[in-house]
Amino acid sequence: MTVTIRQVGPCLAGEVDGVDMRKPLTRDEVAAIHAGMDRYAVLVFHDQRIDDGQQLAFTRSLGEIEHAIGTSLRAAGDYRLPTTFADVSNLDKDNTPFARDDRRRLFAIGNRQWHSDSSFKTTPAKYSLLHAISIPSKGGDTQFADMRAAYDALDEETKAEVEGMVCEHSQMFSRQLIGFTDFTDEERERFKPVRQCMVRTHPVTGRKSLYLSSHAGSIVGWPMPEARAFLRDLVEQATQREFVYTHKWQVDDLVMWDNRQTMHRARPFPAHEPRDMRRTTLAGDGPTVAQAAA
Ligand SMILES: [Fe+2]
């Protein structure tokens, strides 16, 4: 089958036809998908009736997997899925929705803020691939914002200001923003901030983008309140409606996005309803900036 992609909504999202993830990809299909990602940064595939093994095989045909180890508040014996998946559901290992005040749920609510996956890791994620197994009766959309368009829209003075800027990212910063602060000593150690550059250049297209995320909580060399206010202003500008695509999920949709060029956020949904979403992730090429000694 021939892979075709047509734009949906703002220029960052494309809808793909001609891909069946139950079958191995040809070399041409792999190339078409990567080219589509370079152009759009978000690709939507409908009606992919795949199991976990098929999602993994599809993901691996596009690159190297990033494992999800120690990135949530699930305890070691508490995982519903293997570490080749990030469990983006609201379900415990018995497939029961978390209670409303469950700590694991409250931590995950941090993902309702604009972010880029794994920006809290030294080597952050390249693509994320999210497959919808079950969806709530309402809400639960995922929104994507184009960080290339956001960069292009900056005035020259701000472009000069962000060039060479380095931020510190941590899941503790994004959770502090929503009032979640009760971390254990072990979690504080595990979630220690890492450094990321603010401006990224796409290795194929050469386009620059803003590497923003709610995980970004300080700017190296800046006083904290000034840094936080600056980051908040940038996120506000970068997520204006004209830069945003809203995905309304259907069961068996798989949406793939480039974390280097976009931010995303989940939208609220009824707490007692299951939302079973399974994410595989492609690892990035390496750190975006040299890390400071701990
Ligand atoms: Fe995410």
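The values are calculated or read from the model by the stated rules, or taken from the named source; none is laboratory data. Because the structure is a prediction, the values reported are computed rather than measured. A quick note on method: Cβ atoms are made from the backbone with ideal geometry, for glycine too, and the neighbour counts reach across all protein chains shown. When the accessible area is computed, the model is the full protein with side chains, heavy atoms only, and any ligands, DNA or RNA have been set aside. Shrake-Rupley method; radii C 1.70, N 1.55, O 1.52, S 1.80 Å.
Here the extension length gained between residue 233 and residue 138 equals 31.2 nm, from 0.36 nm per residue of separation less the Cα-Cα distance. Near residue 46: Cβ cut-off under 11 Å, other residues only, Lys/Arg at +1 and Asp/Glu at -1. The net charge is -4.
Dipole orientation for the chain: of the candidates 96, 292, 179, 96 has the Cα lying most toward the positive pole (charges on Cβ; Lys, Arg +1; Asp, Glu -1). Counting only aspartates and glutamates at least 8 places from residue 159 when in the same chain, those with an alpha carbon closer than 20 Å to its own are 146, 168, 226, 233, 236, 242.
Between residue 267 and residue 242, full extension at 0.36 nm per residue minus the direct alpha carbon distance yields a gain of 7.2 nm. Take the range 48-114 with all the other protein chains still there, run a 1.4 Å probe, and you get 48 Å² of accessible area per residue.
Each Lys and Arg contributes +1 and each Asp and Glu -1, all at the Cβ; summed about the Cα centre of the chain, the dipole is approximately 260 debye. Packing around the peptides 270-281, 100-111, 205-216, taken as the average count of other Cβ atoms within 10 Å per residue, puts them in this order, highest first: 205-216, 270-281, 100-111. Per residue, the range 203-287 exposes an accessible area of 44 Å² to a 1.4 Å probe, with every protein chain left in place.
Of the solvent-accessible surface of the range 128-235, computed with a 1.4 Å probe over protein heavy atoms with every protein chain present, carbon and sulfur atoms account for 51 percent. Multiplying the residue separation of residue 7 and residue 96 by 0.36 nm and subtracting their alpha-carbon distance yields 28.4 nm. Most mobile of 220, 42, 255 per a Gaussian network model of the chain (Cα springs, under 10 Å)? Of the options given, 220 has the highest mean-square fluctuation.
Straight-line cross-link partners of residue 121 among the lysines, defined as a Cα under 19 Å from its Cα and at least 8 positions apart when in the same chain: 192. Compute the Cα gyration tensor for the chain, then decide on rounded, prolate or oblate, letting a ≥ b ≥ c be the square roots of its eigenvalues: rounded whenever a/c is under 1.5, prolate when a/b is larger than b/c in the other cases, and oblate in all that remain. It is oblate, given that a/c is not under 1.5 and a/b is not larger than b/c.
Of the solvent-accessible surface of the range 1-100, computed with a 1.4 Å probe over protein heavy atoms with every protein chain present, carbon and sulfur atoms account for 50 percent.
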